[in-house]
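Derivation of every value follows stated rules applied to the coordinates shown; laboratory data play no part. Quantities reported herein were computed from a predicted structural model and do not represent experimental measurements. Ideal geometry is used to build each Cβ from the backbone, glycine not excepted, and the neighbour counts take in all protein chains shown.
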């Protein structure tokens, strides 16, 4: 009988525990966080926010407010800088063919392959071609690569890269060869130039305009070159094209 009573009390205790609303037992908010939220809810200026925080005579509170204010200022400065660059890139767009062709400004870069020897040099830019029938736009990456080599590399594909510079080589796409020539040949090497183009859809470009767009161009000679379009460049280009 005694065992039955003990078991009964244990069962009642377990039922009582299961009925507790644990959502009400969350950790209390840090007083500093509460005060920071109150200060920023006042929508004060930069200096007045610091003055308000100093009224508490708590250096940790002041430090937290200053840290958040600095981050906000950095974000505003970065947005203003990108807006200025976007407008600058937009002004450089060349429009032709009765407003059906758009050519963005050229970006130039180099890539060293060894401690000695000449680096690869390349120029690249975006081209927009509007369809006069349905107003759709096809975007093209034009890339010109110049290099010294014993043989032509034959660039044949492109891979898209993420913000960690990891390129998706397994899903590389074909590119179009526009021209290829050799000059200044010696007994060991020639100066080669290859011009290739990569087609991009309007949807793809718009999806990737909020961050820098990096593309790796691959050759049959196992050599590659990576290019990058700044976010402001793409935004400025699309602002004019569309």
Checklist outcome for this item: Computed on Cα atoms only, the convex hull of the chain has an orientation-averaged projected area in nm² of 28.3
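Normalised by the residues of the chain, what does the relative contact order come to in percent, with Cα pairs under 8 Å and at least six apart?
15
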Item to check | Where a label projected 7 Å from the Cα of residue 185 along Cα→Cβ would reach, residues of region 144-164 with amide N under 17 Å | outcome: 147-154
Item to check | Principal-axis tilt of helix 231-241 within the chain, Cα atoms, nearest 10 degrees | outcome: 70
Checklist outcome for this item: So the compactness index of region 27-91, its C-alpha Rg divided by 2.2 N^0.38 Å, takes the value 1.49
Checklist entry - Extent of region 153-206 along each principal axis, from alpha carbon coordinates, in Å, largest to smallest? => result 45, 24, 17
Checklist outcome for this item: From fewest to most C-beta neighbours within 10 Å, the residues 52, 37 line up as 37, 52
Checklist outcome for this item: By Cβ neighbour count within 10 Å, fewest first, 66, 141 rank 66, 141
Checklist entry - What's the angle, to the nearest 10 degrees (0 to 90), between helix 2-18's Cα axis and the longest principal axis of the chain? => result 50
Item to check | Cα-based helix-to-principal-axis angle, 31-41 vs the chain, degrees rounded to 10 | outcome: 60
Checklist entry - Spin-label point model (7 Å from Cα, Cβ direction): what's the residue 221 to residue 96 distance in nm? => result 3.0
Checklist entry - From the Cα gyration tensor of region 27-141, with a ≥ b ≥ c the square roots of its eigenvalues, which class applies: rounded if a/c is under 1.5, or else prolate if a/b is larger than b/c, or else oblate? => result prolate
Checklist entry - Taking only the alpha carbons of region 76-143, what extent do you get along each of the three principal axes, in Å, biggest first? => result 52, 35, 16
Next on the checklist: Over the Cα atoms of region 98-242, each weighted equally, I'd like the Debye log10 I(q)/I(0) at q = 0.09, 0.13, 0.18, 0.20 Å⁻¹, rounded to two decimals.
Outcome noted: -0.30, -0.61, -1.08, -1.27
